[in-house]
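Have a look at the structure below before the remarks.
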Amino acid sequence: MSLPLAPQKASALTKHNPAIRVQAAEAADIEAVVALDAAITGTEKAANWNDVYARFADTNQRLQRYFLVAKSGRDELVGFVVGEIRAWEFGSPPCGWILALGVTPDLREQGIGTLLFETLCAQMKNDGATTIRTMVLGTDKTNLSFFRGEGLAAGPYIELERRLD
Ligand SMILES: CC(C)(COP(=O)(O)OP(=O)(O)OC[C@H]1O[C@@H](n2cnc3c(N)ncnc32)[C@H](O)[C@@H]1OP(=O)(O)O)[C@@H](O)C(=O)NCCC(=O)NCCS
C-alpha cells in the first residue's frame, strides 16, 4: 500500500521519476535494502537489517517506528528510510528521528530522497511529532547538503560520547 502524500506533491518532488512510489517496507524488501546499504556503506549487515525490520516494520506502527521504501515503476527498490518518534528525552517533546536513509546511487538527485523524507515527515507529523531530527557525520557533505536542503539546521542539543574500553 502506498503511503499518503498528495500525488501532485509527490510528482513535483520526484523531478525525473514520476513513477516512484513510497510504501511501508515488507519482509521481501529486506534483501534489496541490505544490498543497497552495502553498496552505500561498503559493509553488508543482513542481521542488522533483519533486526531493524522486526523492530520498525509497519506492524509496529503503534510504537511510532517507520520503515519505508521507495519503489520504481518496475517494482525495484530504489531507496529506504527508517525513523522513529522519541518523546521526552532530556525534556524534548515528541520528535521524529531519521535513523537511516539511502537512495540507489545511479538514481540520485532526482528527488527520491526528498520523497522518502517528506513522506516520513508527513507520517510523523500526523502521529504527533513537532520536530524532525537526525545525526550525520560532520564531514559527510552529501548528507549534510541533503538535510540542509530539507530545512534542517543545528539544533539545541549536542551529541556527547565516550569510548567504553
Ligand atoms: C542523501 C541522499 C539520500 C539524497 O538522495 P537523493 O535522492 O539524491 O536526494 P534528492 O534528489 O531529493 O536531493 C534533494 C537535495 O539534496 C541536495 N543534494 C542531494 N545530493 C547531493 C549531492 N551529492 N551534493 C550536494 N547536494 C546534494 C540538493 O540540495 C538536492 O536538491 P537539488 O536537486 O534541487 O539540488 C543520497 O545521496 C544517499 O543515499 N546518500 C547516502 C546516504 C547514506 O550515507 N546512507 C547511509 C546508510 S543508512
Review point. If you add up the charges near Leu63, with Lys and Arg at +1 and Asp and Glu at -1, over every other residue whose beta carbon is less than 10 angstrom from its beta carbon, what do you get?
Key: +2
Exercise for review: Which order do the peptides 153-165, 68-80 take when ranked by the mean count of other beta-carbon atoms within 10 Å per residue, highest first?
Suggested key: 68-80, 153-165
**Study point:** Kirkwood Rh, angstrom, the chain [1 / mean 1/r, Cα pairs]
**Key:** 16.5 Å
Point to revise | Cβ crowding within 10 Å averaged over residues, with 43-51, 94-102, 111-119 ranked highest first | key: 111-119, 94-102, 43-51
Check your understanding: What FRET efficiency would be calculated for the residue pair Gln23, Ala47, taking the C-beta separation as r and a Förster radius of 41 Å, to the nearest 0.05?
Key -> 0.95
Review point. By the scheme Lys and Arg +1, Asp and Glu -1, what is the net charge of all other residues having a beta-carbon under 15 Å from that of Glu159?
Key: +1
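Read-outs: derived from the displayed coordinates by stated rules, not from any lab. Owing to the predicted nature of the structure, the values given are computational and were not obtained by experimental measurement. Because the Cβ atoms are built from the backbone with ideal geometry, glycine has one as well, and the counts that use them run over all protein chains shown.
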